[in-house]
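Below: the structure, in structure tokens.
The values are calculated or read from the model by the stated rules, or taken from the named source; none is laboratory data. Since the model is a prediction, treat every value here as computed from it, not as a measurement. In this analysis, Cβ positions are derived from the backbone assuming ideal geometry, glycine residues included, and neighbour counts consider all displayed protein chains.
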Amino acid sequence: MTDKQAFAALLASVESALGESFQRANAATERGDFDAADVEHERQRNLVGVRDQLQVLQDVWPKLVGTPRRGRRKRTTPSTQPPKGDERLRKGLKTTEEAFRLPILAALEELGGQARKGDVVRLVEGRVGGRLNDYDHQQLKNGQVRWENTVAWSRQRLKDRGLLAADSPRGVWEITDAGREYLAEHRGEV
């Protein structure tokens, strides 16, 4: 087996494990077992990290072992600089939706259980602002800042899980009883 085949096999194995984890997470969410879904989401983050590391290692492997690279286009390691313009951001570089889950719930509880989007986002920024990176602060094509967009997606996931009300008025976010219970169970993580 060549090095290229070995990396391809490893990457295929990681992708397969990711697919299985996505299926388990979806099944857990459908049956309301959010703790099991959280375990699968953590597994997915780890697998994505392993995949990214494998891809970087695959790029530098020939240099490490001295394999000549004749006839191949030179590949560079991923840039540490944020992408420009319409370049797509690699997974793992921005703050995840999950990182905003508890701060959103805590902000809503602090605001009396429901609040306008802008008020919630301001409180969330105060809670996680120090953890945001350069990628999070980039402006997207639609003019929105990336971390605020991620907060909106996190809100959608919370609604899907029944932790935020799906029937609240437009622009108003509202925590549900299930959301309060979830927050109470994870209070030390906020």
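Of all residue pairs spaced 6 or more apart or on separate chains, those with beta-carbon atoms under 7 Å, a first member in region 92-108 that is more than 16 Å from Gly130 (Cα to Cα) and a second member that is assigned to a loop (DSSP other than H, G, I, E, B) are Leu105/Leu163; Ala106/Val190.
Scanning region 103-138 for residues that are among the polar types (S, T, N, Q) and touching a strand residue (DSSP E or B) at 6+ places or on another chain (Cβ under 6 Å) yields a count of 1. Is it true that some residue in region 53-67 is under 16 Å from Phe7 (Cβ atoms), part of a helix (DSSP H, G or I), in contact (Cβ under 8 Å) with a residue 40 or more places away in the chain and out of contact with any helix residue (DSSP H, G or I) (no Cβ under 8 Å at 6 or more places or on another chain)? The answer is no; no qualifying residue exists. Selection over region 29-52 of residues that are surrounded by 16 or more Cβ atoms within 10 Å (Cβ to Cβ) and of a type in the set (Gly, Ala, Ser) gives a count of 1. Filtered by the rule that a residue be in a loop (DSSP other than H, G, I, E, B) and charged (D, E, K, R), region 10-46 gives Arg31, Asp33. Leu54 fulfils the conditions (1) modelled with pLDDT under 90; (2) assigned by TED's automatic domain parsing to the domain that holds Gly179 except for a single criterion, (2).
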